[in-house]
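*Asks:* One structure, pasted below without further comment.
Bear in mind these aren't lab numbers, they're just calculated from the coordinates by the rules spelled out. Just so we're clear, the structure is a prediction, and the values are computed from it rather than from any experiment. Here the Cβ is made from the backbone with ideal geometry for all residues, glycine too, and neighbour counts use every protein chain on show.
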């Protein structure tokens with residue numbers, strides 16, 4: 001089904017706020033015509049025009065698609081602002097979080113269009129989990145060696161190596177050294193816990 005056939009206005013049932021002013025301004029900021037933006041989002045130009053004039057409200061999938069096309073966040077499309085966000089994150093304020101054997105330390109401020117983390121991956125932890133989700137990821141190896149599979153291709157990365165990829169590409173990460181691997185990790189926030197998809201290990205260990 002084309003996105004233009006989605007459910008009627010969310011405003012009618014107390015859903016999303018009016019986003020018309022932001023949609024038009026952000027499309028123009030991205031240098032896109034109505035026709036080009038509509039084509040990229042899987043909408044008809046008439047449907048996108050109705051969104052921009054406030055005669056129809058977008059669904060969340062539409063917002064995600066438009067945010068990606070316009071190079072922005074859903075929050076900006078909705079006109080939300082966060083005042084006086086601190087640009088500096090002090091080491092003393094970086095509390096580690098542990099999940100699935102990995103250790104995560106926030107390395108960026110909350111409420112941004114990207115999330116920055118320092119990640120410690122122990123040997124043998126989560127190496128069989130395939131991840132697929134909307135957005136982009138960038139990682140930089142600080143210590144140790146990382147085994148990274150992108151689609152059908154395996155890579156071995158050492159300190160100073162980096163990778164930048166579309167995270168809709170199935171990917172797996174594992175430490176190659178028994179001492180583990182430490183990474184700087186940045187990803188976009190177009191995904192959510194409910195959008196994340198872990199497929200398990202269809203082919204066993206990384207080569």
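*Asks:* Within a 10 angstrom radius of the beta carbon, how do 35, 136 rank from fewest other beta carbons to most?
*Replies:* By the 10 Å Cβ count, ascending: 35, 136.
*Asks:* Could you give the length gained by full extension between residue 35 and residue 107, i.e. 0.36 nm per residue of separation minus their alpha carbon distance, to one decimal place?
*Replies:* 22.0 nm
*Asks:* Could you sort 148-156, 89-97 so that the peptide with the highest average Cβ count within 10 Å comes first and the rest follow in order?
*Replies:* Taking the mean over residues of other Cβ atoms within 10 Å, the ranking is 148-156, 89-97.
*Asks:* Just to verify a number: FRET efficiency for residue 168 and residue 28, C-beta to C-beta distance, R0 = 35 Å, to 0.05?
*Replies:* Efficiency, from the Cβ-Cβ distance: 0.80.
*Asks:* Given the C-alpha centroids of the range 20-80 and the range 106-149, what is the distance between them in whole angstrom?
*Replies:* That distance is 30 Å.
*Asks:* Another question, if that's okay. What is the extension gain from residue 132 to residue 150, computed as 0.36 nm multiplied by their sequence separation minus the C-alpha to C-alpha distance, in nm to one decimal?
*Replies:* Here the segment from residue 132 to residue 150 would lengthen by 5.4 nm.
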